[in-house]
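Below is one structure, written out as structure tokens, with a few remarks after it.
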Amino acid sequence: MKLRIEGLETGYGKAQVLFGMDLEVREGELVALLGANGAGKTTLLRTISGLIRPWRGRILWDGRDLGGLSPAKRARLGLGHVPEGRQLFPLMTVEENLRLGAAFLAPGRDKEGFERVYALFPRLAERRRQLAGTLSGGEQQMLAIARALMGFPRILLVDEPSLGLAPRLAEEVLRTLNRVAEEGVGILLVEQNVALSLEVAVRAYVVEHGRIVLHGPARAVLEDPRIREAYLSL
Ligand code: ATP
């Protein structure tokens, strides 16, 4: 199973943001998407999910062109998205937020989903009756990821999960994503924390002004002098 992006271009109004992006994510691999603010990372994730219409190019799901499919249909195929800013329902409990992530599954399948996410995130299990809005920042990010996992995605898009988190929590979130990938889910991870994401990812793409300027094994990207200078201040 793989998600493949070919020559993707899009933008807002007349302003072009993505200029011919090519990228691939396979089941079971964690792939980092790195780049400065405004490079177009969020725009790419939203276009893959079907929230933004591409101007040109293709989004292929195991060879099938997703063009024209609604975001809901893409989710049913197994495409998950953890949006920037988490988008939880603060006045609903942890469990109610999770149930929403399973809304389109066959009845009964949510039981399996709850078991899986509570095993991955024991802290959420302890707090299942707590209102989402009263969770700590780290717990809310875990809940946003867990909610997406309730839909049994095969490929998961994750937008800046460490935003606003203390370093130790950021590390915990990324290590959890690593475990999710080990369970067989493909993850496309947008992250500002370049050093940490290159530690957990197998491959990485670097975006500048809507173009992929570098890609390869995470280790090679980490050792690239341009990356060390621009993102790691080394
Ligand atoms: P960040 O890390 O800051 O979130 P990013 O790489 O995710 O950055 P995008 O959010 O994809 O970047 O934004 C890419 C460009 O598109 C930016 O110049 C931004 O101002 C512009 N843009 C994003 N959303 C919109 C919108 N709804 N309308 C107009 N322009 C937008």
Exercise. From ALA72, ALA125, grab the single residue that is within 22 Å of LEU45 (Cα to Cα) and either within 16 Å of the ligand (Cβ to nearest atom) or of a type in the set (A, V, I, L, M) (or both).
Key: ALA72
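In the list PRO161, PRO153, PRO90, which residue meets the criterion of being of a type outside the set (A, V, I, L, M, F, W, C), within 16 Å of the ligand (Cβ to nearest atom) and in contact (Cβ under 8 Å) with a residue 12 or more places away in the chain?
Testing whether each residue is of a type outside the set (A, V, I, L, M, F, W, C), within 16 Å of the ligand (Cβ to nearest atom) and in contact (Cβ under 8 Å) with a residue 12 or more places away in the chain leaves just PRO161.
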Quiz item: Only one of LEU196, LEU214 is farther than 29 Å from ALA72 by Cα, assigned to a helix (DSSP H, G or I), within 16 Å of the ligand (Cβ to nearest atom) and among the aliphatic types (A, V, I, L, M); which?
Solution: LEU196
Quiz item: List the pairs whose first member sits in region 38-50 and is under 19 Å from ALA204 (Cβ atoms) and at pLDDT 95 or above, whose second member is part of a helix (DSSP H, G or I) and more than 9 Å from the ligand (Cβ to nearest atom), and whose Cβ atoms are under 9 Å apart, counting only residues at least 6 apart or on separate chains?
Solution: ILE48/ARG74
Self-check item: Where a residue in region 1-24 is under 18 Å from VAL206 (Cβ atoms) and its partner, wherever it lies, is in a loop (DSSP other than H, G, I, E, B) and within 16 Å of the ligand (Cβ to nearest atom), with Cβ under 6 Å and at least six apart
Solution: LEU8/PRO54; VAL17/GLY40; VAL17/GLY210; LEU18/GLY40; LEU18/GLY210; PHE19/GLY210
Quiz item: Within region 181-192, is there a residue that is surrounded by fewer than 22 Cβ atoms within 10 Å (Cβ to Cβ), outside any loop (DSSP other than H, G, I, E, B) and touching a helix residue (DSSP H, G or I) at 6+ places or on another chain (Cβ under 7 Å)?
Solution: no
Quiz item: Within region 30-68, which residues are more than 16 Å from the ligand (Cβ to nearest atom) and surrounded by fewer than 18 Cβ atoms within 10 Å (Cβ to Cβ)?
Solution: ARG56, ARG58, LEU60, ASP62, GLY63, ARG64, ASP65, GLY67, GLY68
Exercise. Could you list, in sequence order, all residues of region 1-16 that are within 11 Å of the ligand (Cβ to nearest atom) and surrounded by fewer than 19 Cβ atoms within 10 Å (Cβ to Cβ)?
Key: GLY11, TYR12, GLY13, LYS14, ALA15, GLN16
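The values are calculated or read from the model by the stated rules, or taken from the named source; none is laboratory data. Please read these numbers as outputs of a predicted model, since none were measured by experiment. Note that we place each Cβ from the backbone using ideal geometry, even for glycine, and neighbour counts take in every protein chain shown.
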